[in-house]
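Report on the following structure.
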Amino acid sequence: MTSAQRSEGTISARSEDSINLPDVTPEALLAAQAEQKYLAVREAVAHAVYRSLFEQRMQVDDRAMKMLEKIARRINALKEDDRDLLCRWKLPLDFLGTFREGGARKPQPARPAAVA
């Protein structure tokens with residue numbers, strides 16, 4: 001008799017006799033282990049695919065931001081010749097300004113009034 005066979009018998013004897021858990025059987029534990037292995041393999045593949053897509057999106061984001069920055073530089077260079085240029089391109093300039101300042105501002109929590 002192997003160690004695994006002895007431990008299966010021990011688990012079965014304990015579950016049925018001493019702790020009275022009829023739904024916990026060696027077969028149920030082995031089925032759960034097999035299902036866990038099945039899902040773990042698929043999780044690893046899904047994570048690899050997710051990470052690849054994430055990195056690709058980050059590269060596209062980087063290219064897009066560079067294009068917007070190029071537009072902003074051109075607008076700043078031409079704003080003296082065309083005063084309406086800043087108004088027409090306000091949205092992308094504000095968008096870029098948010099990122100140059102470290103992201104959108106978060107509202108500060110109200111401070112309690114000082115007690116005199």
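Identify all residues within segment 41-88 that are in contact with a helix residue (DSSP H, G or I) (Cβ under 7 Å, 6 or more places away or on another chain) and within 17 Å of PHE99 (Cβ to Cβ); write none if there are none.
Once the filter is applied, which keeps residues that are in contact with a helix residue (DSSP H, G or I) (Cβ under 7 Å, 6 or more places away or on another chain) and within 17 Å of PHE99 (Cβ to Cβ), segment 41-88 yields LEU68, GLU69, ILE71, ALA72, ILE75.
Answer yes if at least one residue in segment 85-97 is at pLDDT 90 or above and not in a helix (DSSP H, G or I), and no otherwise.
Within segment 85-97, one or more residues are at pLDDT 90 or above and not in a helix (DSSP H, G or I).
The values are calculated or read from the model by the stated rules, or taken from the named source; none is laboratory data. All of these numbers come straight from a predicted model, not from anything done at the bench. Please note: Cβ atoms are built from the backbone with ideal geometry, for glycine as well, and neighbour counts cover all protein chains shown.
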